[in-house]
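Structure first, commentary second.
Read the figures in this text as sums done on the coordinates, not as results from a lab. Bear in mind the structure is a predicted one, so any value in this text is a computation, not a measurement. Cβ coordinates were reconstructed from backbone atoms using ideal geometry, including for glycine residues, and neighbour counts include every protein chain displayed.
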Amino acid sequence: MKSRMFRIAALAVAGTLAFSACANRGGTEEASSENYPDKNLTMVVHAGAGGGSDLTARTLAKELEADLGQSIVVENRTGGGGRVGLTYLKERPADGYSIGFIPVEVSMLGHQGADIKPDQYTILGQVMNAPATLSVPANSPYQTLQQFLDAAKAKPGTITVSNSGAGAIWEAATLALGEAAGVTFKPVPYDGGAPAVAAGVSGEVQAVMAGVSESATAAKDGRMRVLAVLAPERVASLPDAPTAKELGHDIVIGGWGLIGAPAGLPAEVKEKLAAAVQKAASTTTFKDVMTKAGNTPMATSPDEATTFAQSEYDRFGEIY
């Protein structure tokens with residue numbers, strides 16, 4: 001188990017993901033016409049409102065609306081560490097009117113028994129990376145990462161750490177940190193990063209493992225204290241928060257986000273949507289929001305992302 005979790009920790013907070021869809025489940029000639037899109041679109045998000053994934057999706061949707069000329073309704077479908085939203089998205093008609101934010105869990109859940117794999121989606125491009133953060137409530141007795149780890153070592157399996165869902169990337173990050181430090185935590189799943197952070201603020205849990213965009217706001221307004229960022233270097237939104245590596249624990253792990261649609265999207269629709277996603281993710285507004293949140297904005301093509309999709313899926317297959 002220890003070696004497997006160290007391999008998780010070695011997953012860099014980087015990469016791209018996209019993929020060429022297989023069977024067309026609902027695409028039509030009308031959907032691929034030059035009139036597309038001629039009605040509103042839906043953007044499915046696997047996590048709750050207010051979290052990092054939701055922030056990315058809503059910010060990108062606004063930029064997409066300007067280019068596509070149609071409104072985009074963001075629909076949060078939470079649960080199962082991403083299973084609910086990802087399953088819902090893949091089962092929608094492949095007509096170009098259902099798109100979604102696709103998290104790193106698309107490459108993880110299939111190895112945990114879920115019927116979810118990258119090749120069940122038409123991925124249109126990667127738009128961000130997000131390093132993990134470990135935070136505690138402002139009134140926590142733990143002022144440093146070492147104090148927190150010492151407490152966990154003294155009481156194995158009792159220190160509660162919230163995350164965005166069982167089997168999701170932040171649970172993996174919690175386990176990876178524990179393996180790296182030689183301690184055992186008690187992961188507590190919630191339906192997304194925002195409720196996981198809220199649980200920390202309220203004192204329901206003793207610590208929170210979440211993306212930097214989800215923890216930065218609570219840290220800046222004094223409700224939470226970030227003990228460590230699990231990134232290669234400090235992030236702009238939390239300049240005073242040390243990396244785990246600085247503190248003697250060489251662990252780098254985090255999530256990434258893509259935009260996709262159900263498999264089988266008509267080629268012309270895929271081309272138009274992919275171009276729009278890349279344009280939206282390249283805007284100053286989107287990049288500024290991502291950077292201020294502590295994320296790394298990206299704007300990759302479907303072709304660039306295809307190779308990464310399979311490589312990440314294969315890598316998690318070896319881990320699990």
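At-a-glance table
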| item | result |
| --- | --- |
| Filtered GluC sites (Glu not before Pro), region 60-156: DSSP coil and at most 16 other beta carbons within 10 Å | 91 |
| Residue 70-residue 160 pseudo-label distance in nm [points 7 Å out on the Cα-to-Cβ vector] | 4.4 nm |
| Distant-in-sequence amide H partners of residue 246 (H built 1.01 Å from N, under 5 Å) | none |
| Integer Hz, Karplus 6.51/-1.76/1.60 couplings in order for region 91-107, x for Gly and Pro | 8, 6, x, 8, 10, x, 9, 10, 10, x, 7, 10, x, 4, 4, 4, 9 |
| Relative contact order computed over the chain (Cα-Cα under 8 Å; 6+ residues apart), in percent | 32 percent |
| Spin-label proximity, residue 146 to region 193-232 - amide N less than 20 Å from point 7 Å beyond Cα toward beta carbon | 225-231 |
| Span per principal axis, largest first, for the Cα atoms of region 130-230 (Å) | 30, 29, 22 |
| Reciprocal of mean inverse Cα separation for region 196-288 (Kirkwood radius, Å) | 16.0 Å |
| Residue 224 long-range amide H proximity, modeled H, under 5 Å | 138, 219 |
| Under-5 Å amide H pairs with residue 116, H placed in peptide plane, nonlocal only | 110 |
| Rotationally averaged projected area of the chain (alpha carbon convex hull; nm²) | 14.3 nm² |
| Counting DSSP beta bridges with both ends in region 130-230, the antiparallel % (nearest 5) | 60 percent |
| Per-pair calculated FRET efficiency, R0 = 30 Å: residue 303 and residue 39 via Cβ, rounded to 0.05 | 0.60 |
